[in-house]
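In what follows, a single structure is set out as structure tokens and then discussed.
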Amino acid sequence: MSDIINVDYREKIPNNVNLTEDRRVLKALEGWHPGYINWWNDMGPEGFQEALVYLRTAVSVDPKGWAKFDYVKMPDYRWGILLAPSEDNRTIPFGEHFGEPVWQEVPGEHRAMIRRLIVIQGDTEPASVEQQRHLGKTAPSLYDMRNLFQINVEEGRHLWAMVYLLHKYFGRDGRDEAEELLRRRSGSADSPRMLGAFNEKTPDWLSLFMFTFFTDRDGKMQLESLAQSGFDPLSRTCRFMLTEEAHHMFVGETGIGRIVQRTCEAMKAAGVDDAHNIDQVRKLGVIDLPTIQKKLNLHYSLSLDLFGSEVSTNAANAFNASVKGRFRETSIDDDHRLKNDIYPVLKLVKGEIKRVNEPALTAINMRLRDDYTRDCAKGIERFNKIIERTDVDFRLALPHVAFHRDIGEFKDVQATPAGKLIDDATWASDKDQWLPSTSDGAFIASLMKPMAEPGQFASWISPPKVGIDNRPGDFEYVKIAA
Ligand SMILES: [Fe+2]
Ligand SMILES: [Fe+2]
């Protein structure tokens, strides 16, 4: 009998779901395992598969003390299947089945919907590893390199988490979907990943930090709403993934914060007052704040597209079916069925951006996106505090939701970051002021020089305040020549 809190690492596939007594699923996962390792070797961090990396591995699902740290070669990382402990007598917190006991099996009528949601979530996990696979070579420190690899192995584990659900609950078609998850490739013309933001490039470390700040945060919102699901194994899986996801956003937020800090300090030291004097700032070997704002505009707008259309019958159906809830569903004070409720949605009405009341059920995506925007805005304010403390006159801001969109209400119009609608010609002539241009990309690329000595940091980023696992500043987080 395996234990649901602690994970037994003597087993080939570490887990807390009693796999040894589930021969059918164990066999299916053992069959999938070699393909996964091949994928990791082909698409995982390029050039560092032999390095010893100071990684955390989940050894328990107890929120206090669930991980241990040790040096591991990434291909030897123990990707386990971990579900948060089940809550006693949990009932469904929303939708038509509100108040009923949660399901331990997939209800037949919602099977296709649940499978689709698992596949979409599962597809994002390996995609980000593929997008980030070249970044190890330009890491600004061993500390940052280790954080990147930690995220990568955990996204690999998230893939395992989704594949377990597919194998366990969806039989033949679940196994087929699990194979497809290893076949698609980020950015591929023939078989791309399923969602737009996961086919974009992550060319440099500022992009990586923006991605983990904005796109992993979309992941958090999706996992939060799936953690509410009436399908309990999905809920428990997502709850444990969220504990890992917190580190990914930490990497994004502290990464951007450290870049902003370094830029402002360098400006002060050199007596540069005008944050918009890009040439002067760049000569200091740091990334100017307007370029950071452009990267922010890009990644925020790409991530907004991940929420889908503002008004969506798919989202309404998933809520109604008690399959996918809202952010912090159980702490919302309403009837959790939303049959008669309304929710304000930003829409394009006769060429103007207006707030329009829509049935709350069909506006589920909009609501989740609003929760996401609030979460992002808090982070932006923390960056602004860093800028204020150095007395530099500049503020970062989220662009308007109509800016640079490919999905939803604003996909067919052009808008400025302030939300002013503009024509295509104005967009074409001005967009380089708002999104990273080729020359911005080339400048950032010129700064991406690897720093591979313990305690060394690139010129454009401040060291972190504390080390991982409380290690000292000169700790050797990655032993490259292993
Ligand atoms: Fe993930
Ligand atoms: Fe993540």
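Here is a list of conditions, (1) away from ligand 2 (no atom under 13 Å from the Cβ); (2) of a type in the set (Ser, Thr, Tyr); (3) assigned to a helix (DSSP H, G or I); (4) buried (at least 22 other Cβ atoms within 10 Å of the Cβ), and Ser229 meets all of them except one; can you say which number that is?
All conditions are met except number (3).
Which of (1) crowded, with 18+ Cβ neighbours inside 10 Å; (2) in contact (Cβ under 8 Å) with a residue 40 or more places away in the chain is the odd one out, the single condition Asn6 does not satisfy?
Here Asn6 meets the rest and fails (1).
Pick from Val286, Val345, Val260: which is surrounded by 19 or more Cβ atoms within 10 Å (Cβ to Cβ), of a type outside the set (Gly, Ala, Ser) and either modelled with pLDDT under 95 or under 29 Å from Arg116 (Cβ atoms) (or both)? Before you say what the answer is, go through the steps one by one.
Values: Val286 fails: either modelled with pLDDT under 95 or under 29 Å from Arg116 (Cβ atoms) (or both); Val260 fails: either modelled with pLDDT under 95 or under 29 Å from Arg116 (Cβ atoms) (or both).
Val345 is the lone residue from the list that is surrounded by 19 or more Cβ atoms within 10 Å (Cβ to Cβ), of a type outside the set (Gly, Ala, Ser) and either modelled with pLDDT under 95 or under 29 Å from Arg116 (Cβ atoms) (or both).
So, Trp39, is that one assigned to a helix (DSSP H, G or I), surrounded by 14 or more Cβ atoms within 10 Å (Cβ to Cβ) and within 28 Å of the chain's Cα centre (by Cα) or not?
Judged against the criteria, Trp39 is a match.
What number of residues in the range 162-195 are without any contact (Cβ under 8 Å) to a residue 60 or more places away in the chain, among the hydrophobic types (A, V, I, L, M, F, W, C) and surrounded by fewer than 19 Cβ atoms within 10 Å (Cβ to Cβ)?
So the count comes out to 1.
Which of the numbered conditions does Thr20 fail, given that it passes all the others? Conditions: (1) modelled with pLDDT under 95; (2) among the polar types (S, T, N, Q); (3) in contact with a Lys or Arg (Cβ under 8 Å, 6 or more places away or on another chain).
The one condition Thr20 does not meet is (3).
Tell me which residues, restricted to the range 234-267, are over 27 Å from Asp204 (Cβ atoms), among the hydroxyl-bearing types (Ser, Thr, Tyr) and away from ligand 2 (no atom under 16 Å from the Cβ).
Matches in the range 234-267: Ser235 only.
Look at the range 130-180 and say how many of its residues are more than 16 Å from ligand 2 (Cβ to nearest atom) and within 28 Å of His110 (Cβ to Cβ).
18
Counting only residues that are among the aromatic types (Phe, Trp, Tyr) and within 30 Å of Glu100 (Cα to Cα), which one in the range 204-248 is farthest from ligand 1 (Cβ to nearest atom)?
Selected residue: Phe231.
Output yes when any residue across the range 195-204 is closer than 20 Å to Val61 by Cα, among the small types (Gly, Ala, Ser) and either assigned to a loop (DSSP other than H, G, I, E, B) or away from ligand 2 (no atom under 16 Å from the Cβ) (or both), and no when none is.
Going residue by residue through the range 195-204, those that are closer than 20 Å to Val61 by Cα are none.
No, that holds for no residue.
(1) assigned to a helix (DSSP H, G or I); (2) more than 14 Å from Ser303 (Cβ to Cβ): which one isn't true of Lys220, the others all being true?
(2)
Would you tally the residues in the range 310-366 being hydroxyl-bearing (Ser, Thr, Tyr), within 14 Å of Gly95 (Cα to Cα) and assigned to a loop (DSSP other than H, G, I, E, B)?
Residues that pass the stated criteria total 2.
Would you pick out the residues in the range 89-138 that are touching a Pro at 6+ places or on another chain (Cβ under 6 Å) and either of a type in the set (A, V, I, L, M, F, W, C) or within 16 Å of ligand 1 (Cβ to nearest atom) (or both)?
Listed by number, the list holds a single entry, Arg133.
Is it fair to say Gly31 is farther than 30 Å from Leu142 by Cβ and of a type outside the set (S, T, N, Q)?
Considered against the rule, which asks whether it is farther than 30 Å from Leu142 by Cβ and of a type outside the set (S, T, N, Q), Gly31 comes out as yes.
Which one of Leu206, Leu159 is under 30 Å from Lys294 (Cα atoms) and surrounded by 24 or more Cβ atoms within 10 Å (Cβ to Cβ)?
Numbers: Leu159 fails: under 30 Å from Lys294 (Cα atoms).
Every option except Leu206 fails the conditions.
The values are calculated or read from the model by the stated rules, or taken from the named source; none is laboratory data. On a predicted model such as this, the values are computed, not experimentally measured, just so you know. Glycine gets a Cβ as well: all are built from the backbone with ideal geometry, and neighbour counts include every protein chain shown.
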